[in-house]
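A.B. asks: Would you mind keeping the following structure in view while I ask a few things?
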Ligand SMILES: C[S@@+](CC[C@H](N)C(=O)[O-])C[C@H]1O[C@@H](n2cnc3c(N)ncnc32)[C@H](O)[C@@H]1O
């Protein structure tokens, strides 16, 4: 049976981000008719910010990288939404001086908590920026997927290092400082006072399949990704975990 989430994800996205967009679309529909104030922390070149602005919302992207912000500004202009996208250079743990505390309806923090110095400080800054009732979309790298990926590619020692390391970090050559599972990521958000409403796996199969399979029937892959995204154990081996939480 087709669910609301599969219906809303289809027009927008490929399988790689379908599970995230399905949740975001539901939040936009919940606020239908309102122009939301959105903050994208570490939003990079605007892969989410620009489509959200195209949907009629006002988006501030705070990112440490001037190059990423320059690309974001070009992308927003090309999409005709420059007036609704604000690019701000800054640090995710120092949002107070950049956005009005307690003012933001929806905050995105995608693929950032695994690279910053102190994830708890970034989450605390996010909570302070959210209005009561506001929501946060957090995407983090999964430890389980990284362990499986390394093992399947023959890097058994690296896989073992990832299993045993407290932070899910695989040594000096690892580009990420940490990885999460559903429990540790959920605990990080809850300890900051957020209520975690949903956890999904993102890219459950997409990164494991040969390109020919992905290209042959994109709609079937999208449907399968969405069907698996909320179901353990499939959710828990996805490349990324998506948590949707709310400030009460
Ligand atoms: C992997 S990219 C993710 C970009 C985007 N969120 C996405 O999902 O496509 C990580 C982004 O976080 C930014 N970043 C890293 N550390 C940061 C920090 N402490 N404060 C703000 N942005 C940061 C980087 O400049 C980069 O644009």
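A.B. asks: Which of 20, 38, 88 moves most in a GNM of the chain, Cα contacts under 10 Å?
C.D. replies: Of the options given, 88 has the highest mean-square fluctuation.
A.B. asks: From the helices alone, meaning DSSP H stretches of at least four residues, give me the mean residue ellipticity at 222 nm for the chain, per-run term -39500 (n - 2.57), in deg cm²/dmol to the nearest 500.
C.D. replies: After summing the helix terms and dividing by the residues of the chain, the value is -11000 deg cm²/dmol.
A.B. asks: Between segment 33-47 and segment 75-152, how far is it from one alpha carbon centroid to the other, in angstrom?
C.D. replies: Result: 9 Å between the Cα centres.
A.B. asks: Suppose the chain between residue 83 and residue 64 were pulled fully straight at 0.36 nm per residue; how much longer would it get relative to their current alpha carbon spacing? Don't jump to the answer; show the numbers that get you there.
C.D. replies: Numbers: separation 19, 0.36 × 19 = 6.84 nm, distance 2.12 nm.
Gain on extension, residue 83 to residue 64, equals 4.7 nm.
A.B. asks: Please express the shape of segment 102-200 as an equivalent ellipsoid: the semi-axes are the square roots of 5 times the eigenvalues of the C-alpha gyration tensor, given largest first in whole angstrom. List each step's numbers first, then the result.
C.D. replies: Numbers: eigenvalues 172, 31, 21 Å².
Equivalent ellipsoid semi-axes, largest first: 29, 12, 10 Å.
A.B. asks: Label residue 183 and residue 164 with points 7 Å out from Cα along Cα→Cβ: what is the distance between them in nm?
C.D. replies: 2.0 nm
A.B. asks: Please find, in a Gaussian network model of the chain (springs between Cα atoms separated by less than 10 Å), the residue of 187, 172, 76 whose mean-square fluctuation is greatest.
C.D. replies: Answer for the Gaussian network model of the chain: 172.
A.B. asks: Separate question: For the chain, which semi-axes, largest first and in whole Å, follow from the square roots of 5 times the eigenvalues of its Cα gyration tensor? Don't skip to the end; give the middle numbers.
C.D. replies: Values: eigenvalues 151, 101, 63 Å².
For the chain, the semi-axes come out at 27, 22, 18 Å.
A.B. asks: Suppose we keep just the DSSP beta bridges with both residues in the chain; what percent of those would be antiparallel, to 5? Before the final figure, lay out the partial values.
C.D. replies: Numbers: 14 of 34 bridges.
If we restrict to bridges inside the chain, about 40 percent are antiparallel.
A.B. asks: If contacts are Cα pairs under 8 angstrom and at least 6 residues apart, what is the relative contact order of the chain in percent? Walk me through the numbers before you get to the answer.
C.D. replies: Working: 470 pairs, mean separation 49.5, N = 248.
Across the chain, relative contact order equals 20 percent.
Values in this text are rule-based calculations from the coordinates and carry no lab data. In this text the structure is predicted, and so the values were computed from the model without any measurement. No Cβ is skipped: glycine too gets one built from the backbone with ideal geometry, and neighbour counts run over all protein chains shown.
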